[in-house]
Amino acid sequence: MAGVKAKHQRLTLTLLAIVAVVGATLLAMSALKDQAAYFYTPGDVVKDGVPMGKAIRLGGMVVDHSIVHAPDGVTIDFKVTDGSDTVPVQFKGIVPDLFREKSGVVAEGRFVSSTLFLADTILAKHDENYMPPQMAGKMHESASLDTSAKTKALQ
Amino acid sequence: MIAEFGLAALWLAAALSALQLALGWMALRPGGEALMPSVRPIALAQALLTALAFGALILCFARTDLSVALVVENSASAKPMMYKIAGTWGNHEGSMLLWVTILGLAGGAVAILERRLPERTLIATLAAQAAIALGFFAFLLFASNPFARLALPPLDGNGLNPLLQDPGLAFHPPTLYIGYVGLSVAFSFAVGALVTRDVGPAFARAMRPWVLGAWIFLTLGITAGSYWAYYELGWGGWWFWDPVENASLMPWLAATALLHSVTVLATRDGLRAWTVMLAVVAFSMSMIGTFLVRSGILTSVHAFAIDPKRGTFILGLLVVYIGGALALFALRVSTVKEGSQFDPVSREGALVANNLLLSAVLGIVFTGTLYPLFVEATTGEKLSVGHPYFDKTAGPLALLLVAIMVAGPLMRWRRDEIAAVVQRIALPVLVTAIALLALILFVPGIRVLPLLGLMLAIGVGAGSVAPLWKRNLRRTPLFTYGMVISHLGIAVALAGMACESAFTKETLVAAAPGAVEIVGPYQVKFAAIDPIAGPNWTAIEATLVATRPGRAAITLHPQARMFAQPPTETSETAIATLWDGQLYTVLGKDDESGRWQLRLWWKPFVTLIWAGGALVAIGGALALLGRLRRELFPRGRPTGFLAT
Amino acid sequence: MKTVRIILWLPLIAFVVFVGFVAAGLIKPDDMTHPSKLVGQPLPEFSLPASQQGKPGLATADLRDGKPHLVNIFASWCVPCAAEAPQLDQLAQAGVDVVGIAVRDRPDDTADFLQRYGDPYKRLGADDRSQVQLALGSSGVPESFIVDGKGIIRQQHIGDIRPEELPAILSTVQEAK
């Protein structure tokens, strides 16, 4: 039995391995369709429609004088713009130090209504260790975690 | 002078590695046997010279030699000595030099220690090792020279990023690098065995300690990295599925699979081609990890600086090594004889299932990590992949893997009876069932994934010690203890993860001094807020007093810190560790009316995550010790189905 | 066993596909640089106190004096800023009005920096909290803005000015007149 089975076992194992890896990749791809967070600008939201309930990243500039602190001291409302369109955002949590009006921001979260984006993470688009491409790596190579640039919100 | 000396040593070592490759190549050709004895000494000399070069760089850092560009960028004369030395590898150039130093030392160790492998296979292995080293030497010398001088030495250096002035982080990169390099040795063994078509138990036994050692260090590195992110970032999480974290997880997954398949090859002479393939994949994953981190093509919270030239260089190395090895695999492996057979129901069968599941998880992590890149290359759209994806896909597979872990060690090699296996796993299964029942009864409303996790953790905890059942504990080999402890560590870590996910309590408020907040079982009094100053920072510090009925009060001091050089703001979490969990506190901003944002977490049994990780590594160390002892002082082979 | 042979090449094929995508990702210019939205727009209103004694600070009005200026954003703690210092000196010698904004810097450190690497600045404002830097749409140091005589931003230069880039910058400054 060993002779016939020998070839079969190797082939079976090979096929099993391929099935496992291909299966995993297919599973991954199908899950990615629902779970990947796409990047939107306010303009994209207006143009493509509100991706209601889907986890996305919203990027743009914080509109001047738009930050409003709620009485609870931990919730803020502000508006994000890309120059043409504007989206209202609400965030509950500790904002990064570099988060301020008229500066870049990326908010991770979802639209809970067509007029409100609920952010659970705020990334301020400014990096002290930012390096221009020519110099980057050459001068400032360090595993710096830009802690100040991102904060998590109440889950 | 020291810098020039180091650079000269580096060039010499590079030349020696080229010589080692050429001599190895010629020795393997017909009639080249006479050259064989020269390869080992060259490997040794290369190891020595690389170590000298690295020593020279450490000396430059220790003396704060400000004419060396790298020192200026990453050090300052006022830094404590420990961080001066850690600064040597806290940067790109130094860390790559550390990489080749470990690589060289590993090559030297193979040259000295390895005596059982057929000489031809060993020479091929050393030649492969030299080829890897040569590529990295070229990378260092042409794209990231650590010894470059400055024409105009400044008065003082720029310091080290304050976040890096942390003992955990000082030793984190070397730990991972040792792991990566260990996998490169496994890779060289695999290439050597393919070249000489000598894939068998001797090859597996020679490779196993390296895989085991690499795996221990990767486990430690990942565990330490996870804890570092947990306390340093202040987000309360212990794993963020960040590309840099995934880059260290992927080699670990591959190494774990390799560790299990190499055991089949060493013990039963099965899974030959698969083991060789895994060795190639494991090293590919560490190279790809290095590449992803260093080239910066994936953006990450771990903001490494980026250099496309370096990325291209590493990609080139990747193509040569991995592409070459895969081509060699495709050409050669069909001429490698098939190993011995086994029944689907057997220890081998369980290990194959383990390998398939690990490969699937690896595929999922790999796909998720690279998907943003793939989408951007094809459609130009930007996206990110995080927790929801990995939890949904890798989570269930990992739980299945853990379930198999109970049965595997209780099965016999070659063939086993299902009825007998069922009988052996009856007790762990019973424990699992009781755990499930208890959890449903006493913890209503628990989510499915934590429920399954906690249930399995309890069952696997019981199952992992089952292999010791009814055995003479004094005669049980050390590596069996190692396996038991590693498996137990997985159960412990899983329990920690499930508890953290199911029972964490969080409070986020704006509070004025004097206020009392409640988080979990604790009453936290916001006692005071004061400005304080450290050696190179100033901070606002809160004083929190946490009380709980029947326990001593705990005082915590979370801070918001400002560093001067370079200017950075960080928030220092304050964490109190208790036997049943951690109280985790973060100080936020003031609202300009006297209130401060406070973020408090009560995380029951969260420490089990890292305790489990440490147990896994300890188990690995015991197994390595046991294997080495047996290899060095062989005694009679043990009998019984548990002997491996 | 032909099928098996083909299967053996699958890992290599998968790897080649992977390398292809990654190489495509590498070749594509990354957007680590954040170009300011203000290029072609008038400068935002700001007024910075002097960073050094004996040297005036910087305000928007100073940049509307009919002459083009090069506004250089730098800090003493920034290594590439030191690397671009000789180029700034050359620009100043060529008659360009170079003015500076020192970001998040202590005056003493700035003074050391100027002494060590040269001082091309006609005016030097201290931007202790990066507010003006952010208002200009700059996301890092060093960056330079070429501003014409009416206070309109003509060009943003991200990163250090390299010797080979001097002619282009000089001609932009000439055009801005």
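The values are calculated or read from the model by the stated rules, or taken from the named source; none is laboratory data. Remember, predicted model here, so these are calculated numbers, not experimental data. Using ideal geometry, Cβ is built from the backbone for each residue, glycine included, and neighbour counts are taken over all protein chains shown.
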**Message:** I'd like to check something: does segment B:331-340 contain any residue that is in contact with a Gly (Cβ under 9 Å, 6 or more places away or on another chain) and part of a helix (DSSP H, G or I)?
**Reply:** no
**Prompt:** Here are some residues: B:Trp252, B:Trp239. Which one is closer than 18 Å to B:Val293 by Cα, surrounded by fewer than 20 Cβ atoms within 10 Å (Cβ to Cβ) and in contact with a helix residue (DSSP H, G or I) (Cβ under 7 Å, 6 or more places away or on another chain)?
**Reply:** B:Trp239
**Prompt:** Taking segment B:530-559 on its own, how many of its residues are away from every other protein chain (no Cβ under 14 Å) and surrounded by 14 or more Cβ atoms within 10 Å (Cβ to Cβ)?
**Reply:** 10
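Yes or no, residue by residue, for (1) within 29 Å of the chain's Cα centre (by Cα); (2) surrounded by 13 or more Cβ atoms within 10 Å (Cβ to Cβ); (3) at pLDDT 85 or above:
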| site | (1), (2), (3) |
| --- | --- |
| B:Trp413 | no, yes, yes |
| B:Leu427 | no, yes, yes |
| B:Leu437 | no, no, yes |
| B:Gly461 | yes, yes, yes |
| B:Arg474 | no, no, no |
| B:Phe479 | yes, yes, yes |
**Request:** Identify, from the list B:Val68, B:Val110, B:Val100, the residue that is farther than 27 Å from B:Met287 by Cβ, in contact with a Leu (Cβ under 8 Å, 6 or more places away or on another chain), buried (at least 19 other Cβ atoms within 10 Å of the Cβ) and among the β-branched types (Val, Ile, Thr).
**Result:** B:Val68
**Message:** Going through B:Pro372, B:Pro396 one at a time, which residue ends up being touching a strand residue (DSSP E or B) at 6+ places or on another chain (Cβ under 6 Å) and either of a type in the set (A, V, I, L, M) or in a helix (DSSP H, G or I) (or both)?
**Reply:** B:Pro372
**Complete:** Among B:Ala13, B:Ala27, B:Ala47, B:Ala78, the single one that is assigned to a helix (DSSP H, G or I), over 24 Å from B:Ser286 (Cβ atoms) and either out of contact with any helix residue (DSSP H, G or I) (no Cβ under 9 Å at 6 or more places or on another chain) or away from chain A (no Cβ under 14 Å) (or both) is B:Ala27
**Prompt:** Among the listed residues B:Glu417, B:Glu381, which satisfies the condition of being touching a residue at least 12 places away in the same chain (Cβ under 8 Å) and of a type in the set (Asp, Glu)?
**Reply:** B:Glu417
**Asked** Can you pull out the residues in segment B:293-323 that are modelled with pLDDT of 70 or more, more than 10 Å from chain A (Cβ to nearest Cβ) and more than 17 Å from B:Phe283 (Cβ to Cβ)?
**Response** B:Thr312, B:Phe313
**Request:** Take B:Thr393 and decide whether it is over 20 Å from the mean Cα position of the chain (by Cα) and either within 11 Å of chain A (Cβ to nearest Cβ) or closer than 27 Å to C:Phe21 by Cα (or both).
**Result:** yes
**Item:** Pick from segment C:80-135, criterion among the β-branched types (Val, Ile, Thr) and in contact (Cβ under 8 Å) with a residue 60 or more places away in the chain, ranking: farthest from the other protein chains (Cβ to nearest Cβ)
**Value:** C:Val96
**Request:** Would you tally the residues in segment A:64-90 being surrounded by 18 or more Cβ atoms within 10 Å (Cβ to Cβ) and either touching a residue at least 60 places away in the same chain (Cβ under 8 Å) or not polar (S, T, N, Q) (or both)?
**Result:** 9
**Output for segment B:343-354, where each listed residue is more than 8 Å from chain A (Cβ to nearest Cβ) and either out of contact with any His (no Cβ under 6 Å at 6 or more places or on another chain) or closer than 25 Å to B:Arg197 by Cα (or both)** = B:Asp343, B:Pro344, B:Val345, B:Ser346, B:Arg347, B:Glu348, B:Gly349, B:Ala350, B:Leu351, B:Ala353
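Conditions tested, residue by residue: (1) in the same structural domain as B:Gly489 (by TED's automatic domain parsing); (2) closer than 17 Å to B:Val402 by Cα; (3) free of Cβ contacts under 8 Å to residues at least 60 places away in the same chain.
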| site | (1), (2), (3) |
| --- | --- |
| B:Thr432 | yes, yes, yes |
| B:Ala438 | yes, no, yes |
| B:Gly453 | yes, yes, yes |
| B:Leu456 | yes, yes, yes |
| B:Pro467 | yes, yes, no |
| B:Arg475 | yes, no, no |
**Fill in**
Taking segment B:509-540 and keeping residues among the aromatic types (Phe, Trp, Tyr) and at pLDDT below 90 leaves B:Trp537
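Conditions tested, residue by residue: (1) farther than 20 Å from B:Gly453 by Cα; (2) outside the structural domain of B:Val519 (by TED's automatic domain parsing); (3) of a type in the set (Val, Ile, Thr); (4) surrounded by fewer than 19 Cβ atoms within 10 Å (Cβ to Cβ).
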position: B:Ala574; (1), (2), (3), (4): yes, no, no, no
position: B:Asp580; (1), (2), (3), (4): no, no, no, yes
position: B:Gly588; (1), (2), (3), (4): yes, no, no, no
position: B:Glu592; (1), (2), (3), (4): yes, no, no, yes
position: B:Trp596; (1), (2), (3), (4): yes, no, no, no
position: B:Arg599; (1), (2), (3), (4): yes, no, no, no
position: B:Ala614; (1), (2), (3), (4): no, yes, no, yes
position: B:Ala617; (1), (2), (3), (4): yes, yes, no, no
position: B:Gly620; (1), (2), (3), (4): yes, yes, no, no
**Asked** Are any of the residues in segment B:190-212 in a loop (DSSP other than H, G, I, E, B) and buried (at least 22 other Cβ atoms within 10 Å of the Cβ)?
**Response** yes
**Prompt:** Does B:Leu326 count as crowded, with 22+ Cβ neighbours inside 10 Å, more than 11 Å from chain A (Cβ to nearest Cβ), within 29 Å of B:Ala127 (Cα to Cα) and modelled with pLDDT of 85 or more?
**Reply:** yes
**Asked** Before we move on, is B:Gly87 within 14 Å of chain A (Cβ to nearest Cβ) and of a type in the set (Gly, Ala, Ser)?
**Response** yes
**Message:** Checking the structure you have, find out if any residue of segment B:217-233 is under 30 Å from B:Gln20 (Cβ atoms) and at pLDDT below 90.
**Reply:** no
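Every residue, every condition in (1) more than 24 Å from B:Glu33 (Cα to Cα); (2) in a helix (DSSP H, G or I), yes or no:
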residue	(1), (2)
B:Tyr83	yes, yes
B:Gly90	yes, no
B:Gly94	yes, yes
B:Val100	yes, yes
B:Leu103	yes, yes
B:Ala109	no, yes
B:Leu117	no, no
B:Arg120	no, yes
**Request:** Considering only segment B:578-593, state which residues are in contact with a strand residue (DSSP E or B) (Cβ under 6 Å, 6 or more places away or on another chain) and modelled with pLDDT under 85.
**Result:** B:Lys589, B:Asp590, B:Asp591
**Message:** Between B:Leu98, B:Leu57, which is within 21 Å of B:Leu183 (Cα to Cα) and away from chain A (no Cβ under 12 Å)?
**Reply:** B:Leu98
**Looking only at segment A:91-121, and only at residues there that are touching a Pro at 6+ places or on another chain (Cβ under 9 Å) and modelled with pLDDT of 85 or more, the one that is surrounded by the fewest Cβ atoms within 10 Å (Cβ to Cβ)** = A:Thr115
